[in-house]
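Shown next, in structure tokens, is the structure this report addresses.
Quick note: the coordinates plus some simple rules give every number you see, no bench work behind them. Since the structure is predicted, the reported quantities are computational estimates derived from the model, not experimental observations. Every residue, glycine among them, receives a Cβ derived from its backbone with ideal geometry; neighbour counts consider all protein chains shown.
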Amino acid sequence: MTSPTPSPVSAIPYTTALLTAQHCRGHTHLILGSNPLAASRATQSLAAGAKPILISPTPAADLHYAVAAHIASGVVAHHARSFRDDDVFSLGRPEVDCVVDAVFITSARDPLAQTVAALCRRHRIPVNVVDAPALCSFSLLSVHVDGPLQIGVTTNGRGCKLASRIRREVAAALPAGLGSACARLGDVRRRVVEEDGKARRQVVENGEDEGVDDSVDQTAAFNKLVTDADADAAKTRRMRWLAQVCEYWPLKRLAAITNADVAAILKSSPDAARVSNPSPDPTAATTGRIILAGSGPGHPDLLTRATHKAILAADLILADKLVPAGVLDLIPRRTPVSIARKFPGNADRAQEELLEQALAGVRRGQTVLRLKQGDPFVYGRGGEEVAFFAARGLADRVTVLPGITSSLSAPLFAGIPATQRDVADQVLVCTGTGKKGKAPAPPEYVTSRTVVFLMALHRIAGLVAELTEYTTEERGETGESLGPEGEGRSTLTRPLWPPGTPCAVVERASCPDQRVIRTTLKFVVEAIEQEGSRPPGLLVVGKACEALYAPEKGRSWVVEDGFKGLDLGLDLDLNLDEGVPNGVGDRTAIPTIS
Ligand code: SAH
């Protein structure tokens, strides 16, 4: 019977493997063969903490030198004879009744390959036969290893050379030092878990550790946990900050993580994050300036030239957490950069911290660039920042540069025209998260309206409920006093959104890992539950979602992965350094856009 909500996976025309990382410490690996591959299997087994046993009639002295050396040193056992069926049931660990944990046959031409593989499969002993995918119950990945970091690639039998080439390219694209950064961040994580264990468990139980689309500025519902009065909740800040560092810092930056960064993460207590407000000093030098600029939704080609020039010219850059890696990569190496320590419960303090740094820079006479994601005046606190500087007598030192906002470009990159004749004649951009975690008033249904919800995906269930049903408050069921007319009075007049209204979740728009989930309000919660989240993301609701896209019959949602929106096939070498003040830009770091 088909389920009423067929999984999008059913559309995939071939099956894929379930990739897992096996913990093999102490396991017995039986290796059949004597060729160089047998030697490399033995080495791999040893690296994974397993105990390899080589079965080959070849005398030890005639074996591949590497495996002979392992045998000589005692780390690999050698049975100099042919394989016997009983080996798989007798050479293993006593705690698993001496059944071996895996069998590797290192030559497909081994006359025993078929029968041994069949024997293993019958007894559910994992077996791998080189170059014979049909005989294997598991295959080995082409693996890149860097400290505790392992990246495995498989083409599922389409060619190991191809897999190895892809693995090499993937590895080459990673910044050096990522493995040690993983080790380091793992240590930090362990320390935080040990020290803040109780509060951490609370975060995990609430599902807030990873994948939370926390807003840049708004207090999300889950932030209610974090109050100054609540010591346990305050402790979770370190874990939250660590999660945000892992999610948002560019990999290059992560790979170069320093002792000072680690100390800052470990110090992320409420007090460490607090910055006092120095009293304004009207006599201070004000030759510096502040540029408040938007960096667009993600792809560096979506920067304006004005913002790009500001990046090259700034003395100090204070960036928001969501500013995309591709944009941060354009910053000249010598320019100091701070990334806001905004995480749920710390947004206000991180904002204060950054503004104070900006103020100090301007007073030192520096050109300070406040780099924001998208457009600075669209849910970017840009207006508040201008007011902050104006209140300190610096209004004439502030320049605001626009950026391409995600609210309009993300729908575009998902192929959704925010307006379209006869379909949508108005666009509403709103936040899904109100101040102090309170839900904002839901927009009413208008047939020809496209609504874009930012900062909404972490509370999608609540949001969809508010759009499609009356709230308990509206139904007069809150128990709160409703005024002189008495109880039970309700105003159920707000037009509700039909559950069949098309909608789309657009995540990491314009980034290489952009993802679009097309569905309807009825299924969007389930779709996000099943597909997980890939922040930052937004929700687009309205008929416009189907203006250029016809939903597939019988599918509750479809997922589209990847971004090609700027693949113009043009290979231009634009010199963007004209206009950079002499001696200010770092010429070696001026990028070309191709
Ligand atoms: N000033 C920004 C918005 C800041 S609010 C702008 O104009 O785009 C942060 C929210 O923007 C996120 O929670 C998410 O809803 C949305 N957002 C930002 N970048 C995005 C992207 N690349 N793709 C999808 N949504 C994005």
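Whole-Hz Karplus ³J(HN,Hα) for segment 260-266, in order, using 6.51 cos²θ - 1.76 cosθ + 1.60 and θ = phi - 60°, x for Gly and Pro?
5, 4, 4, 4, 5, 5, 5
Quick one: which residues, 5 or more positions from His78 or on another chain, have an amide H under 5 Å from its amide H? H modelled 1.01 Å from N in the peptide plane, none for Pro or chain starts.
Leu54
Highest mean first, how do 494-501, 94-101 rank when packing is the count of other Cβ atoms within 10 Å averaged over residues?
494-501, 94-101
Report the FRET efficiency, 1/(1 + (r/R0)^6), for Arg158 and Cys98, where r is their Cβ-Cβ distance and R0 is 45 Å, rounded to 0.05.
Values: r = 37 Å, r/R0 = 0.82.
After rounding to 0.05, the efficiency reads 0.75.
Once amide H atoms are placed 1.01 Å from N in the peptide plane, what residues at a sequence separation of 5 or more from Ala340, or on another chain, have their amide H within under 5 Å of its amide H?
Counting only residues 5 or more places away or on other chains, the set is Ala319, Asp320, Lys321.
If you take the square roots of the eigenvalues of the alpha-carbon gyration tensor of segment 289-403 and sort them as a ≥ b ≥ c, do you get rounded (a/c under 1.5), prolate (a/b over b/c) or oblate? Display every interim value, and only then the final one.
Details: a/c = 1.39, a/b = 1.18, b/c = 1.18.
Here segment 289-403 falls in the rounded category.
Label points 7 Å out from Cα along the Cβ direction at Arg25 and Val145: separation in nm?
Result for the modelled spin labels: 1.6 nm.
Which ³J(HN,Hα) values, rounded to whole Hz and listed in residue order, are derived for segment 88-100 from phi using the Karplus coefficients 6.51, -1.76 and 1.60 in 6.51 cos²θ - 1.76 cosθ + 1.60 with θ = phi - 60°, glycine and proline given as x?
With the stated coefficients, segment 88-100 comes to 5, 9, 10, 8, x, 6, x, 5, 10, 6, 6, 7, 6 Hz.
Using a Förster distance of 22 angstrom, determine the FRET efficiency expected from the C-beta separation of Gln420 and Glu560, and round it to 0.05.
On the way: r = 20 Å, r/R0 = 0.89.
FRET efficiency, Gln420 to Glu560: 0.65.
Which whole-number percent is the relative contact order of segment 369-519 (Cα, under 8 Å, 6+ apart)?
Numbers: 172 pairs, mean separation 25.9, N = 151.
It rounds to 17 percent for segment 369-519.
Run the paramagnetic zone check for Leu46: 7 angstrom along Cα to Cβ, then residues of segment 78-93 with backbone nitrogen under 18 Å.
In segment 78-93, the label zone of Leu46 (backbone N under 18 Å from the point 7 Å along Cα→Cβ) covers 78-80.
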